[in-house]
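Just so you know, all these numbers are worked out from the coordinates, no wet-lab data involved. For clarity, every value in this text was computed on a predicted model and none was experimentally measured. Every residue, glycine among them, receives a Cβ derived from its backbone with ideal geometry; neighbour counts consider all protein chains shown.
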Amino acid sequence: AMLSLTAYHDIMKVHSFRPVVQNEHGMWNGFKPGEVVDDHDAALGYILEFYPDLLPSFHGLPTSAQRSVRLTQCKMDYNMGWLVQAEAPPGALLTTLRKTVLSGNVSQQDIMFYFVHWFTDLSGAFPTPLGGSEKFVLNFPMKVLGSFASSFSIISDLGNASSETEVYESYIRWRWESHKPALGPLPQGVGAVAKIRLVLMAQGNSKMFLNAFSKLQEADRKILCEELARTGCEGQRYQHDVLKDGRGPAFLVYYAPAFLQKAGLLDPNGALSILAEILRQARNMWPLKTAASGVNVTLKIDALKAETVAGCRSSHPEEAWVLEKLNDKTAIVSRVQLPKADETPDVDWSQRAILNFARYFRAGSMEVPGLEI
């Protein structure tokens, strides 16, 4: 089944292969009849569900193996990197997967197959045997590979009545306790989860980051302690952290590990303060609400992942880094041109917040409508 999946896993990246939802199938996974299934994983899932004979190597598998393969194409919001690097809160990472596990429609074998198929994702990232082999063997550190493989047995506890937060906390605790060199006793109390998650995000230089965390300005450290300890799961709390405020939403800072690993190598204190500023402005956009305790919002910061702290803090007077709210569940960081004092803004600035990475902001006498600086 795994060899079969590897052969056709990414064929729907060829746009001309992507199917159109047929009328007899009605609405399918958010796609209307007549619409092209424009997500390559979903497109393959559609073929596997309705036209399996188009892929003989799949069609010839036993029924149980077909079920395992189909599960890999389900949208379960699970990203192995989000776990290994503690990038996402447990709600964003595990809620959909746990519902699938508890539905009774999948077996333990199906779940473990789903995890292992991530390795075919890695080796299949480049569409040639040589390119795929290099990606898997040369560009994937053994340390990270070991973290991936070791996570499988812990995540399998989702099927044993463990909550998302219990499984997640068990994993990050194990990573701290097995860290080499040893980091000392497991953190307890205020900032416990933040410290562990930041160590996993950094993927190296752990003691340097922990030292930088302890020297942060109190306001920045408080933001990180609180926001990184929100679970995104209604009624769930971490056992080793004192945060009892269960309101939400929780934030997934997409590409935070990549940013910390690059920018934090030279200036860990500055990188952590920038992360705190992003979370601060996000919280202003999404005030805490009890009704949002099970909600997760994604903050996309890929524009920063190749930046240094100095690069983030140096900008032209007519430019600024902003956090822009795209919808109820997503915001994005980008560098934008500021409108001049005599210009009418051509975008809705009420959906943007200026990110004060440099601890100051200069915009002459200009006032941006809808923004507080």
With only helices counted (DSSP H, runs n ≥ 4, each -39500 (n - 2.57)), the per-residue ellipticity at 222 nm for the chain, to the nearest 500, works out to -13000 deg cm²/dmol
Over 24 Å (Cα to Cα) among Lys135/Lys329; Lys32/Lys300; Lys195/Lys300 -> Lys135/Lys329; Lys32/Lys300
Under 18 Å by backbone N from the virtual spin label 7 Å along Cα-to-Cβ at Thr330, the residues of the range 225-251 are 250-251
With a Förster distance of 51 angstrom and the Cβ-Cβ distance between Lys340 and Lys244, calculated FRET efficiency to the nearest 0.05 equals 0.60
Checked against the structure, the computed semi-axes √(5λ) of the Cα gyration tensor in Å among (1) 34, 27, 19; (2) 33, 25, 23; (3) 37, 27, 21 is the one labelled (3)
Among chymotrypsin sites (Phe, Trp or Tyr not before Pro) in the range 244-286, those in a DSSP loop whose Cβ has at most 10 other Cβ atoms within 10 Å are none
With x for Gly and Pro, the residue-by-residue ³J(HN,Hα) of the range 149-154, computed from phi through the Karplus equation 6.51 cos²θ - 1.76 cosθ + 1.60 at θ = phi - 60° and given in whole Hz, is 4, 6, 6, 4, 5, 6
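Here are some pairs, Lys143/Lys222; Lys13/Lys325; Lys99/Lys289; Lys222/Lys305; Lys75/Lys262; which of them have Cα atoms lying more than 26 Å apart in this structure?
Numbers: Lys143/Lys222 31 Å; Lys13/Lys325 29 Å; Lys99/Lys289 24 Å; Lys222/Lys305 23 Å; Lys75/Lys262 30 Å.
With Cα atoms farther than 26 Å apart: Lys143/Lys222; Lys13/Lys325; Lys75/Lys262.
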With label points set 7 Å from each Cα along the Cα-to-Cβ direction at Phe152 and Gln351, the distance between them in nm comes to 4.3
